[in-house]
Amino acid sequence: MSVALITGGSKGLGRALAAGLAERGWDLVLDARSDGPLREAAGELRSRFGVRVTAVAGDVAEAGHRAELAAAARELGGLDLLVSNASALGAEPLVRLAELPEEGLRRALETNVVAALGLVRETLPSLRASAAGSVVVVSSDAAVEPYASWGGYGASKAALDQLAAVLGVEEPGLRVWSVDPGDLGTELYAAAVPEDLAPRPRPESVVPAFLELLDRRPASGRWTAGALLSAAGER
């Protein structure tokens, strides 16, 4: 049975990805900072799909919590897929760089980059032991486009992209993909730009893009959900 570890798995894209994998029979380790919503999500997935789901509440920026997540995956038999989805904006709502608190930038870097590397370090032995060991980091178009007020968050995601790119070179036995899912109707986006009330696609709409990666297993690299959905439609 395949096992995935998904951070930020209680809501939004993380929860949607968890459901997409659970529907395929994957066992899961899910993380989130809020225990109640996380346990609710885990219970629903167990009930709907009959898979094993371990919920471990905590902050991925804390080394001890990352060790707990890796241990939970080992208890399920190993790890085939690590998804670093948990993200911090650095400021809510977003502000221009001249107003961005240094502590906010540190928080974004700790959550979006340092924690992602820490989880890789904790889980690398299990990923290497898997015949299909894979790492997915959730990026953003703010990593490559200079949007006003998105500078701190975008810088953290650009660093995450580079981390994933180098990991893909250093670990040729794994697949390491950075995925830009596009603008989605999530609580994170609402917190970032609360005045933007335009409807956004639901997180579930891009789950097929992530599943396309797992099905095709292309070489390590950076992808957009749009490109993956187009590829899936052509098959």
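Quick look at the values:
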read-out: Segment 105-140: number of residues that are free of Cβ contacts under 8 Å to residues at least 60 places away in the same chain and part of a helix (DSSP H, G or I); value: 22
read-out: Answer from A98, A72 - the residue that is more than 20 Å from A18 (Cα to Cα) and small (G, A, S); value: A98
read-out: Matching entry among S156, S126, S205 (being closer than 30 Å to A98 by Cα and either touching a Cys at 6+ places or on another chain (Cβ under 8 Å) or not acidic (D, E) (or both)); value: S156
read-out: Verdict on A148 being loosely packed, with under 14 Cβ neighbours inside 10 Å and touching a Lys or Arg at 6+ places or on another chain (Cβ under 7 Å); value: yes
read-out: Residue tally, condition closer than 16 Å to S2 by Cβ and under 14 Å from the mean Cα position of the chain (by Cα), over segment 20-47; value: 5
read-out: Subset tally (residues that are closer than 28 Å to P93 by Cβ and free of Cβ contacts under 8 Å to residues at least 40 places away in the same chain) for segment 196-235; value: 8
read-out: Segment 190-235, subset of a type in the set (G, A, S) and part of a loop (DSSP other than H, G, I, E, B), residue surrounded by the fewest Cβ atoms within 10 Å (Cβ to Cβ); value: A198
read-out: Options V144, V138: the member that is in contact with a Pro (Cβ under 8 Å, 6 or more places away or on another chain) and closer than 28 Å to P194 by Cα; value: V138
read-out: Subset of segment 174-189 (residues that are touching a residue at least 12 places away in the same chain (Cβ under 8 Å) and either part of a loop (DSSP other than H, G, I, E, B) or of a type outside the set (D, E, K, R) (or both)); value: L174, V176, W177, S178, V179, P181, G182, D183, L184, G185, T186, L188
read-out: Given (1) of a type in the set (A, V, I, L, M, F, W, C); (2) surrounded by fewer than 20 Cβ atoms within 10 Å (Cβ to Cβ); (3) under 19 Å from the mean Cα position of the chain (by Cα), number of the condition A98 does not satisfy; value: (3)
read-out: The lone exception for A88 - which of (1) closer than 25 Å to T54 by Cβ; (2) over 19 Å from the mean Cα position of the chain (by Cα) it fails; value: (2)
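So that you can scan it fast, the table gives a plain yes or no per residue for (1) buried (at least 22 other Cβ atoms within 10 Å of the Cβ); (2) of a type outside the set (S, T, N, Q); (3) outside any helix (DSSP H, G or I):
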| residue | (1), (2), (3) |
| --- | --- |
| G20 | no, yes, no |
| G25 | no, yes, yes |
| V29 | yes, yes, yes |
| P37 | no, yes, no |
| A42 | yes, yes, no |
| L45 | yes, yes, no |
| D59 | no, yes, yes |
| G64 | no, yes, no |
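Any read-out appearing in this document is the output of simple, stated calculations on the displayed coordinates, not a laboratory observation. Please read all numbers here as calculations on a predicted model, not as lab measurements. Counting neighbours? That spans all protein chains shown, and the Cβs are built from the backbone with ideal geometry, glycine included.
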